[in-house]
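Colleague: Handing you this structure, nothing more for now.
The values are calculated or read from the model by the stated rules, or taken from the named source; none is laboratory data. None of the values given here were measured: they were computed from a predicted structure. For neighbour counting, all protein chains shown are included, and Cβ atoms are generated from backbone atoms with ideal geometry for every residue, glycine included. Keep in mind that these areas ignore ligands, DNA and RNA; they rest on the heavy atoms of the full protein, side chains included. Shrake-Rupley method; radii C 1.70, N 1.55, O 1.52, S 1.80 Å.
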Amino acid sequence: MKHSLYHTTLIFLFTFLLITNCSCQSNIKKENGIQNENRVFDKKPLFDTLLNDFVKPIGYVNDYGGLYTPRQVFEMDSLIYDFESKSSIQLVLVTFDSNMVKSSEIDYVTNVIGNGWKVGGDSSKGIVIGISKPYKRIRIQNGKYVQSILSDSKTKEIIDSSFIPEFRNNHYFEGTLLGLKALIRTLPITLAEKTKVEF
């Protein structure tokens, strides 16, 4: 009886040690796998993925970079809405945090937003303004229709004369508001000039 009990206890201990060892090895493999292979949350997804899965337009002003107060967002949103209702040209403003994009991606991402959010609809009557305070970068992406009435050189002139001076003084709301107003003033004039030429 004692002999049988001894063997049973020995088999039980052996089995227990074997199971524990396998379990430890499995956990080590899992831990090594996490170290060698980053978790999904640790990987920075491509902006296309962010655009599809996370980043959705909040309104005309999408302040992901946290540059403006709610009152400032409302003021610019109202200005853009009023302009679109009169002109059928849609303006969308997006600010970027450095966690969202790299400096070299600002132009690409602004373009992706224009296409992904269908700014200006199918007629491409849209403008996307991308601003990054950390990178000190601004990009204005004009839709195809807008390109026909607002040249790249005129767009650059608006950036240099209206947006940038206030941005240099760290006045991002003032600079953005001046830039928006300059675009809004310029677009009807260029549209009227184009209409005169066409017949």
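Colleague: Percent relative contact order of segment 54-135, based on C-alpha pairs within less than 8 angstrom and at least six residues apart? Spell out each step's value before the answer.
Modeller: Values: 111 pairs, mean separation 28.5, N = 82.
Relative contact order comes out at 35 percent.
Colleague: How much accessible area per residue does segment 74-132 have, in Å², with a 1.4 Å probe?
Modeller: Details: 2570 Å² over 59 residues.
For segment 74-132, the solvent-accessible area averages 44 Å² per residue.
Colleague: A further question follows. Once the Cβ-Cβ distance between S88 and N170 is put in as r, and R0 is 30 Å, what FRET efficiency do you end up with, to the nearest 0.05?
Modeller: On the way: r = 35 Å, r/R0 = 1.15.
So the FRET efficiency works out to roughly 0.30.
Colleague: Between F74 and K136, what length in nm is gained on full extension when 0.36 nm per residue of separation is reduced by their alpha carbon distance?
Modeller: Values: separation 62, 0.36 × 62 = 22.32 nm, distance 2.35 nm.
That pair, F74 and K136, stretches by 20.0 nm at full extension.
Colleague: Determine the sum of side-chain charges near G120: Lys and Arg each +1, Asp and Glu each -1, restricted to other residues whose C-beta is under 11 angstrom from that of G120. Could you put the intermediate results ahead of the total?
Modeller: Details: positive: K118, K125, K144; negative: E84, D122.
That works out to +1.
Colleague: Okay, moving on. Starting from the 7 Å offset along Cα-to-Cβ, what nm value, one decimal, do you get for the label separation of K56 and D152?
Modeller: So the two model labels end up 3.5 nm from each other.
Colleague: In debye to the nearest 20, how big a dipole does segment 81-192 give about its Cα centre with +1 on each Lys and Arg Cβ and -1 on each Asp and Glu Cβ?
Modeller: Details: 14 positive and 11 negative charges, 18 e Å.
For this selection, approximately 80 debye.
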